[in-house]
Structure formats: C-alpha cells, structure tokens
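> Quick one: this structure, given as structure tokens, is what I'll be asking you about.
The values are calculated or read from the model by the stated rules, or taken from the named source; none is laboratory data. Keep in mind it's a predicted model, so treat the numbers as computed, not measured. Using ideal geometry, Cβ is built from the backbone for each residue, glycine included, and neighbour counts are taken over all protein chains shown.
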Amino acid sequence: MEKLSLKEQFSNFCKINKTKNMGDAIEYFAVFGGLGIELDMDIPLPQLIQKHILERYKYLRNDISDYITKDELFPAILAGAASGDRRTNSSFKRAKVAYNDGMDCIEDLLDIGVIKLESSFKHNYVADRVLFTSPFVRFWFAFVSPLFRGIKNGNYDEFYNSFNNKKMEFTQLIFEQLCHEFVKLYFKDEKIYNIGRYWDDTTEINLLAKTKEDKIIAGSCKYTNSKIKKSELTKLKVDCQNADITPNTFIIFSKNGYSNELKSLRNEKLKLFTCRNLKALIEDEH
C-alpha cells in the first residue's frame, strides 16, 4: 500500500485509472485509494469491491496484518475510528478499550503511519479525531474487518447491506479531505498555514483555513445527491457565530450543484465549487 499524501494518492489513482470524471473518481477512491491497483471504471463499484477485495479477503487480511502488526487491540480501535465520529474517546468506547490502553495504541499507530490525529480548529478542549492515511485501510476497518466471518466464508450479504446504507456518509469524509487539498491549491497565493475542521458538542464546521495575513476561510463540503440551497450558507454562518469565528470568505463544495438562488449570491466573499473543480488536484493538470 502506498505511503503518500492524500493528494498524491488521488492523483495517482486518477492517472492509473485514466478517469477525468471527478464524481466517479471520488466514489471509487474512497474505497480503493492507496491500494495502487488498476480498475475498470466502467464496472459498478459493488462488483469491483467483490472482485478485488471480498474475494481476496484472506490475502488482503494478511497484508493488512503485516502492515499494521498484530496487536490485538488495533483492529477494534481502528474499526471504532472508521465507523464512528472519529473522536479518540468515542473510538475507545466503541472498541470497549480503556482510555489509557487506547491512547497507547494510538501512539503506536501514529508511529507506524496508519493514522494521523487532527485537533479542532480552535483547540477547544474536545477530543482529537482520527484520520486514516489510506482510504482503503479506512474502508477495510469500516466494512470488512467487522464483518470478516461472513466475508471469509463467501457470504457478502451483510457487507452489502452495511455498505449500501452508509456509502454516502462514508464518502463524505474523503470528499472533505480532497476539498481541503483543493483549498490549499486554490488559495496558494494567500499562503494558507492552517487548515482543518472545527467541532464541539453542538457545532461542526468541516472546513476552516487561516492565511498568513490571518484571514479566515470557512467552508461547507456536502457530498449529497441534492442541490445545495441558500439554507446551507445560512447554517454555515450560524455555525461560525456559535464557534466565535468571523470568516473573510465563505466557500461551499457540492457534489451535485446549487440552487439558482444560491448561485445568484456568488461573489468574492462566497465561492461555490463542485466535484469538477477537484480535477485541479491531479498533478500536471493545473
């Protein structure tokens, strides 16, 4: 498995698979990113998962075990992080692991390079969140590892039920991460030095960035089949107020476009992007 940045993994994925349709690229990358294999992108995603992952479960399980080592707590903690809200304490609870033991495992996983930790943008005394360095490893611990008994015996019904119910929510995080990479590229002249997310017990903002001149960019990334309406901008502004953040620029990313009302509000302080814009992340394409 590749040990590259997410942008590099995405660029390699698109080049290997010769895809310029960013909607398909994001969806397939969320599953196969970092695995480094060539796919037939004309084949539906579930069929590719069965061919390249489920039917190769035993081989990939050994590969994952060698990659992560065989600490018995690792799979439970990684499954908790892949399936929940990604907060360290929540992941430990889902894994039924004591906090101190869990943090010891987190330190080991950080050393191995399987995960990174991110803090809320204002460091507001909430638990850090886990980010997987490989989309495929996250997919494995979200959908494969927890259901291994059926999968290793060739029974995939439980997997497909779980994946179909959670696919959109699962892909949302990869979409956010790629949007972060795009923002760093798009605003490169303004020299962004901090980019991440804000969360507390009541408020979530999935894109915040600060430039060298201390200008704040606040964004919303919505991986949904619906067009984004003006209400999303209103919500983003309210969330920023609740977090005591005053942005200079608002940006919204959408999988499937915007309402005419929201598009009419676009100006220098409100920028709207879609999946197509993420093509800029493919090296030598921008």
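> For the stretch 243-272: of the residues being part of a loop (DSSP other than H, G, I, E, B) and of a type in the set (A, V, I, L, M), which is farthest from the chain's Cα centre (by Cα)?
Across the stretch 243-272, the extreme among qualifying residues is LEU265.
> Okay, next question. For the stretch 28-44, indicate whether the set of residues that are assigned by TED's automatic domain parsing to the domain that holds TYR156, in a loop (DSSP other than H, G, I, E, B) and over 30 Å from ASN155 (Cα atoms) is non-empty. Steps first, answer last, please.
Keep residues of the stretch 28-44 that are assigned by TED's automatic domain parsing to the domain that holds TYR156, which gives 28-44.
Those still in the list that are in a loop (DSSP other than H, G, I, E, B) too: 33-44.
Then drop every residue that is not over 30 Å from ASN155 (Cα atoms), which leaves none.
No, the stretch 28-44 contains no residue that is assigned by TED's automatic domain parsing to the domain that holds TYR156, in a loop (DSSP other than H, G, I, E, B) and over 30 Å from ASN155 (Cα atoms).
> Something else: Residues that are touching a Leu at 6+ places or on another chain (Cβ under 6 Å): find the strands (runs of 3 or more DSSP E) completely inside the stretch 106-209 holding 1 or more of those. If you could, list the steps in order and put the result at the bottom.
On the way: elements: 115-118, 129-132, 192-199.
In the stretch 106-209, the matching strands (runs of 3 or more DSSP E) lie at 115-118, 192-199.
> Name the single residue that is nearest to LYS116 (Cα to Cα) among those in the stretch 30-56 being surrounded by fewer than 19 Cβ atoms within 10 Å (Cβ to Cβ) and β-branched (Val, Ile, Thr).
ILE37
> Mind telling me which of the residues GLU27, GLU72 ends up being buried (at least 16 other Cβ atoms within 10 Å of the Cβ), more than 16 Å from LYS116 (Cα to Cα) and acidic (Asp, Glu)? So that I can check it myself, show each step before the final result.
Details: GLU72 fails: buried (at least 16 other Cβ atoms within 10 Å of the Cβ).
Only one candidate qualifies: GLU27.
> Restricting to the stretch 1-24, name every residue that is within 18 Å of ILE115 (Cβ to Cβ) and either more than 14 Å from the chain's Cα centre (by Cα) or not in a helix (DSSP H, G or I) (or both).
MET1, GLU2, LYS3, LEU4, SER5, GLU8
> Continuing with the same structure: Would you be able to say whether some residue in the stretch 43-60 is touching a helix residue (DSSP H, G or I) at 6+ places or on another chain (Cβ under 6 Å), closer than 14 Å to ARG138 by Cα and among the aromatic types (Phe, Trp, Tyr)?
Checked the stretch 43-60: no residue is touching a helix residue (DSSP H, G or I) at 6+ places or on another chain (Cβ under 6 Å), closer than 14 Å to ARG138 by Cα and among the aromatic types (Phe, Trp, Tyr).
> How many residues, within the stretch 227-258, are farther than 28 Å from TYR28 by Cβ, without any contact (Cβ under 8 Å) to a residue 60 or more places away in the chain and among the small types (Gly, Ala, Ser)?
1
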